[in-house]
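Before any comments, here is the structure.
The values are calculated or read from the model by the stated rules, or taken from the named source; none is laboratory data. Everything numeric in this text was worked out from a predicted model, so none of it was measured. Using ideal geometry, Cβ is built from the backbone for each residue, glycine included, and neighbour counts are taken over all protein chains shown. Calculation scope for accessible area: heavy atoms of the full protein, side chains included, ligands and nucleic acids excluded. Shrake-Rupley method; radii C 1.70, N 1.55, O 1.52, S 1.80 Å.
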Amino acid sequence: MKTKKIFPVLLIVIAFCTASCVDNVVSSQVEAIRGQQVEWMKAKTATETALAAMKAADADYRKAEIDALTKQTAFNEASRSWDLKTQEATYNYNKANLDILLATAQNNLAIAQDNLKKQLAITANTIAGLNSSKAATDYQNYQTEANKLYALYQSRLNTQGQIDQAKLTLATNLNTIDDQISNAQASIDSYKTSLAAANVTLATLNSSSSSSDIVKSLNNANTVLNLRMDSLNRVSSNSYNAYSMAKLNVYNLQNTITTYNNYLVILSDVNITASNKTYYEQQRDNLKPAYDDAVAKYPQYIQTAAKAYANYASINTQMNDVNRLITANTNIISQVNYNGITVAIQQVKANIANITQQIADATTSLNNATDGKGFANAEIVRLTKQLDDLNTQITAAEKQLAYLKGIVDKDLAA
């Protein structure tokens, strides 16, 4: 009976203990689940934050890319405008000098030929009155030599005109030729930078690194490049301001020089009216101090402008290089993520082949521009040698003419 009384109590105790143990087990599992949920929420938040940062970084990159393109477009347009204005001013300046040189040479030739014709006419009349065959022969020799001298004078004038025209053509095209040489060399240097980067990327892809490590490395490289781009943007703004001011100073000097030379050309016209002559002489005299100042400052100012232009162009070239590297890295990252390392390697090899061809094309352009400049200079040297030879011939012909004139003068004195 005692046992029967204890048994229900034992059942109650066992049930209580069992319930207590189950509750403890369930509580620990719930806590574990809750802990996992908390960690999952943290991971989810971190992922969403990272995605948002990636989107923001991508947006910043796209904006920077657009800004860089906009600045490059503005730079190219400003450069084209500057080049056209410079070429126009240079042409006008050289054309004015050429007109003055030719007008002076033609005037001197006309005076020399006119004097010689007068001498020949006077002498011919006197010789005819002598009725002497020797005097007539001497005069004929004198006249023949004078005709040779005429032809030499005209040849010298023509050659001088060809030299002046060749110099004008070279001076007018020199900015374009130098720009072609400079741009071709800058392209070669830029392509070589891209080629070196592409070879580094290819070596990375060919290494035993995993896809994730390669992507991480390229992302880190882009981070550094973006910081570099920010720095270049700031420097570019300052260099553009310096370049703009320098080219404005040069343009003002060119305008003064060209205007003054135009006055000289107008005043060299033998048919100018008295009133116009007085007006343009006054304009010339008023502008003379500014002209002298412009001529003195021009070499220094043009050098300053050239340096400012080169500095600005160099910075923009660097920006283009950085943009290309960022774009190349971004493309490789996409290739690795979506198509795998093997396809990315093929893409980089294709890029290397394309860059190599671009270097070859730019080298051809550089050589052509350099050859064109060399040919133009060689032509000027050839014409100058021809002019020197003519001057030597003219000197000899003038001596011979003076000798024959002496004989004719003796005939007349006899």
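What to note about this one:
- Residues of the range 243-294 classified as under 27 Å from the mean Cα position of the chain (by Cα) and not hydroxyl-bearing (Ser, Thr, Tyr), total: 12
- Residue within the range 184-205 that is of a type in the set (A, V, I, L, M), modelled with pLDDT of 85 or more, more than 27 Å from Val336 (Cα to Cα) and open to solvent by 50 Å² or more (accessible area, probe 1.4 Å) present: no
Conditions tested, residue by residue: (1) aliphatic (A, V, I, L, M); (2) surrounded by 14 or more Cβ atoms within 10 Å (Cβ to Cβ); (3) touching a helix residue (DSSP H, G or I) at 6+ places or on another chain (Cβ under 7 Å).
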site: Leu267; (1), (2), (3): yes, yes, yes
site: Ser275; (1), (2), (3): no, no, no
site: Ala296; (1), (2), (3): yes, no, no
site: Ala305; (1), (2), (3): yes, yes, yes
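- Inter-residue pairs, beta-carbon under 6 Å, first outside the structural domain of Gln335 (by the TED database) and in the range 196-221, second at pLDDT 85 or above and open to solvent by 80 Å² or more (accessible area, probe 1.4 Å), 6+ apart: none
- Looking only at the range 222-243, residues that are without any contact (Cβ under 8 Å) to a residue 40 or more places away in the chain and of a type in the set (Gly, Ala, Ser) come to 2 in all.
- Residue within the range 261-279 that is in a helix (DSSP H, G or I), closer than 29 Å to Ser314 by Cα, in contact (Cβ under 8 Å) with a residue 40 or more places away in the chain and of a type outside the set (S, T, N, Q) present: no
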